Amino acid sequence: MEPQHIPATDLIDMGAWAARDGLPLRVDLVYAQINHPENIFGRALYRETARFWLHRDFAAIVADAAKIAYAQREWIFILKDGLRPVEAQAMMQDTAIVKANPQWLVEPRLLSPPGMGGHPRAMAVDITPCDDNGVLIDMGTVFDHLTTNPADNPAARANTNLPAHVLDNRKFLEECMMMAAARHNKPMLPLPAEWWDFRFPKTYTDAYAPIHDRDLPDDMKMVAT
């Protein structure tokens, strides 16, 4: 069976939605800023005007998870990356830091091949939580802590060699996402290697074709030129 095409009308602008409805989330599209302190790739993958897109089914889960987190702990979700078009995936793998760390492309991979995974289908999200004052919650590592030694990855969910409060924070973030996914009767995969990454599993996303930036309407295009 041919994978389904994802129409542009199925993509939700998370920043606009949050502003309109007062959702407890913020957008910080890291890869749109070459000088962003969390952009480890040394170049802007997205244009400065890029917006944060998620597939509507996934967006609803993220919004509900943010509401749960705020209601229980007054956390606010900072969304770091969502839709990552195929062209941006290819650009990422062509950066100097990735070439210097070929282990990131070996199973279990830290970076998916272009066209693979949840990000090019707008069915994955990278989340960093903060409190009401914008102070980051301690999650043990920063977002996009891609270890040089996959055998000793402090960002991995299975890593328990961390302070109790960090483990509790990670557990709570995961619980919020899993609870919201269950409410929408959707599967959810907390990516094992990255505490910040949540996505629909491969069995779900493989039914959809990846999104190319070239196929998006001009006002929705993301990739830096």
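The values are calculated or read from the model by the stated rules, or taken from the named source; none is laboratory data. If you're wondering where the values come from, they're calculated on a predicted model, not measured in any experiment. Ideal geometry is used to build each Cβ from the backbone, glycine not excepted, and the neighbour counts take in all protein chains shown.
Number of residues in the range 118-156 that are buried (at least 22 other Cβ atoms within 10 Å of the Cβ) and farther than 12 Å from Trp196 by Cα equals 6.
Residues that are in contact (Cβ under 8 Å) with a residue 24 or more places away in the chain and over 16 Å from Ala66 (Cα atoms) do occur in the range 130-139.
Looking across the range 85-117, just one residue is of a type in the set (Lys, Arg) and loosely packed, with under 14 Cβ neighbours inside 10 Å, and that is Lys99. Contact list please: Cβ distance under 9 Å, first residue in the range 170-190 and farther than 17 Å from His119 by Cβ, second residue of a type in the set (S, T, N, Q) and outside any loop (DSSP other than H, G, I, E, B), pairs at least six apart or on different chains. Once the first residue is farther than 17 Å from His119 by Cβ and sits in the range 170-190, its partners that are of a type in the set (S, T, N, Q) and outside any loop (DSSP other than H, G, I, E, B) give Phe172/Gln72; Cys176/Gln72.
Could you look through the range 137-179, keep only residues that are charged (D, E, K, R) and part of a loop (DSSP other than H, G, I, E, B), and pick out the one that is modelled with the highest pLDDT?
Step by step, filter the range 137-179, then rank; the result is Asp138.
Number of residues in the range 183-218 that are at pLDDT 95 or above and touching a Ser or Thr at 6+ places or on another chain (Cβ under 9 Å): the value is 4. Summed over the range 184-200, the residues that are more than 16 Å from Arg84 (Cα to Cα) and out of contact with any Asp or Glu (no Cβ under 6 Å at 6 or more places or on another chain) give a count of 10. Taken over the range 94-113, residues that are among the aliphatic types (A, V, I, L, M), within 21 Å of His36 (Cα to Cα) and part of a loop (DSSP other than H, G, I, E, B) amount to 3. Checked against the criterion of being touching a strand residue (DSSP E or B) at 6+ places or on another chain (Cβ under 9 Å), assigned to a helix (DSSP H, G or I) and touching a residue at least 40 places away in the same chain (Cβ under 8 Å), the range 114-127 has at least one qualifying residue.
If you go through the range 180-207 and keep only what is part of a loop (DSSP other than H, G, I, E, B), buried (at least 18 other Cβ atoms within 10 Å of the Cβ) and not aliphatic (A, V, I, L, M), you end up with Glu194, Trp195, Trp196, Phe200.
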